[in-house]
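Engineer: Would you mind keeping the following structure in view while I ask a few things?
Just so it is clear, none of the values below were taken in a lab; they were calculated from the coordinates. From a predicted model like this one, the values you see are computed outputs, not experimental measurements. Here the Cβ positions follow ideal geometry from the backbone for every residue, glycine too, while neighbour counts run over all protein chains shown.
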Amino acid sequence: MITKRITTQQILANLKAKIDARIPIMISSAGSGLVAKLQEAAGTDCINTFSGARLRSNGMGTMSMMWPILDSNQQTLDYTREDIMPALDGKAFVCACLNANDPLKDMRMVLQQCKDMGVNSVSNIGPSISYIDHDSEIFKVMTSAGITLQNEIDMLTLAKEEMDMVSVGLAFTEEDSYAICEQAKPHIFCYHAGTTKGGIKGYDNGMTIEQTAEQTEKVYQKCRELSPDTILVAHGAAMETPSDAQYMLNHTSGHGFWTGSSTERLPIERAVSAAANEFRGLSFDK
């Protein structure tokens with residue numbers, strides 16, 4: 001198996017061509033090689049790999065990656081190398097979502113491991129401190145222990161400025177969004193409006209698609225001031241279906257969208273359940 005590699009320069013050129021042609025950028029998360037292969041065949045521009053995607057492929061919720069039940073970075077590196085890269089034809093580039101607060105690893109070495117396997121893009125959501133409510137006690141405890149957004153910003157900056165990688169920033173709050181865009185100036189930034197609703201393990205925070213678009217656009221406007229060249233994409237909350245994503249494209253000024261559960265967990269749940277129930281309904285002739 002020889003996996004085709006895509007250079008950073010080619011990735012950025014492909015993205016620019018899409019933007020110039022007014023074609024939405026599509027980023028998709030994949031927890032298995034089959035899902036990644038199908039997403040690439042459908043035309044996604046980027047396959048994201050992260051431990052949360054792998055865990056939800058095993059029937060757990062994405063947020064199970066927040067507990068110290070596994071080495072998040074090692075999980076991402078291992079399944080990206082063994083499951084994802086061999087499954088792709090080189091049409092979509094791969095972005096590894098890493099934990100920049102890993103106390104056991106030098107992130108320069110982790111980024112080099114990504115490059116060695118042909119992954120020339122990195123994001124800070126594997127997981128991110130931005131997941132944690134900033135007014136909570138656990139957030140105060142974590143930041144006092146050195147688990148900070150600044151470490152994530154530093155990783156994105158290192159990837160972009162020194163290691164010639166495509167940097168993909170992501171945040172859940174306005175404050176974190178602006179900090180990332182101002183300091184790291186990533187090639188791509190995604191505003192994460194909240195965990196995608198729907199399905200067995202989804203979470204509905206009550207936000208409507210209209211509210212999701214309104215909040216996302218507010219963040220876009222400020223991020224564009226802080227980093228004019230950054231590609232902006234939307235993700236999460238009420239953006240569950242293609243029609244929801246179309247609403248986001250119609251009502252925000254971004255360049256595309258990032259699908260997670262929408263093109264992975266939810267379709268698998270529906271298709272497998274429907275097929276299994278149909279087979280289970282079969283019977284012998286009387």
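Engineer: What distance in nm separates the two pseudo spin-label positions at L34 and E174, each 7 Å out from Cα along the beta-carbon direction?
Structural biologist: 4.4 nm
Engineer: Quick check: from the Cα gyration tensor, does the chain come out rounded (a/c under 1.5), prolate or oblate?
Structural biologist: Verdict is rounded for the chain.
Engineer: Would you order K286, K222 from fewest to most other beta-carbon atoms within 10 Å of each residue's own beta-carbon?
Structural biologist: By the 10 Å Cβ count, ascending: K286, K222.
Engineer: Hey, another quick one. Under a straight-distance cross-link criterion of Cα-Cα below 19 Å, which aspartates and glutamates are reachable from K18, leaving out those fewer than 8 residues away in the same chain?
Structural biologist: Within reach: E40, D45, D229.
Engineer: If I model a spin label at D116 and E161 as a point 7 Å from the Cα along the Cα→Cβ vector, what separation in nanometres do I get?
Structural biologist: Roughly 2.6 nm, to one decimal.
Engineer: Same structure, new question: Please work out whether segment 146-286 counts as rounded, prolate or oblate from its C-alpha gyration tensor, where a ≥ b ≥ c are the square roots of the eigenvalues and a/c under 1.5 means rounded, while otherwise a/b larger than b/c means prolate and anything else oblate?
Structural biologist: It comes out prolate by the Cα gyration axes.
Engineer: At a Förster distance of 41 Å, what's the computed FRET efficiency of A274 paired with N250, Cβ-Cβ distance as r, to 0.05?
Structural biologist: Step by step, r from the Cβ atoms, then E = 0.85.
Engineer: Hey, in the chain, which Cys have no second cysteine's beta-carbon closer than 4.7 Å?
Structural biologist: So far as the 4.7 Å Cβ criterion goes, C46, C95, C97, C114, C190 stand without a partner in the chain.
Engineer: Amide H of V94 versus every other amide H placed in the peptide plane: which residues, excluding those fewer than 5 positions away on the same chain, fall under 5 Å?
Structural biologist: Excluding prolines and chain starts, which carry no amide H, the hits are I47, N120.
Engineer: So what J values fall out for segment 104-109 if you push phi through Karplus, 6.51 cos²θ - 1.76 cosθ + 1.60 with θ = phi - 60°, rounded to Hz, Gly and Pro as x?
Structural biologist: So the Karplus estimates, Gly and Pro as x, are 9, 9, 7, 5, 4, 5 Hz.
Engineer: Counting Lys and Arg as +1 and Asp and Glu as -1, what is the net charge of the other residues whose Cβ lies under 11 Å from the Cβ of R5?
Structural biologist: Residues near R5 contribute +1 overall.
Engineer: Then there is this: Can you give the calculated 222 nm mean residue ellipticity of the chain, where each DSSP H run of n ≥ 4 adds -39,500 (n - 2.57) and the sum is split over every residue, rounded to the nearest 500 deg cm²/dmol?
Structural biologist: Theoretical 222 nm ellipticity from helices: -12500 deg cm²/dmol.
Engineer: Compute the label zone of L70 within segment 35-51: residues whose backbone N is under 14 Å from the point 7 Å along Cα-to-Cβ.
Structural biologist: 49-51, by backbone N distance to the label point.
Engineer: Rounded to the nearest 5, what % of the DSSP beta bridges within the chain are antiparallel ones?
Structural biologist: 0 percent
Engineer: Here is a further query. Taking a ≥ b ≥ c as the square roots of the eigenvalues of the Cα gyration tensor of segment 228-286, is the shape rounded (a/c under 1.5), prolate (a/b larger than b/c) or oblate? Write down the numbers at each step before the final one.
Structural biologist: Details: a/c = 5.87, a/b = 3.88, b/c = 1.51.
Prolate shape, in that a/c is at least 1.5 and a/b is the bigger ratio.
Engineer: Between beta-carbons, use under 10 Å as the cut-off and find the net charge around A100, counting Lys and Arg +1, Asp and Glu -1.
Structural biologist: Once all neighbours under 10 Å are counted, the net charge is -2.
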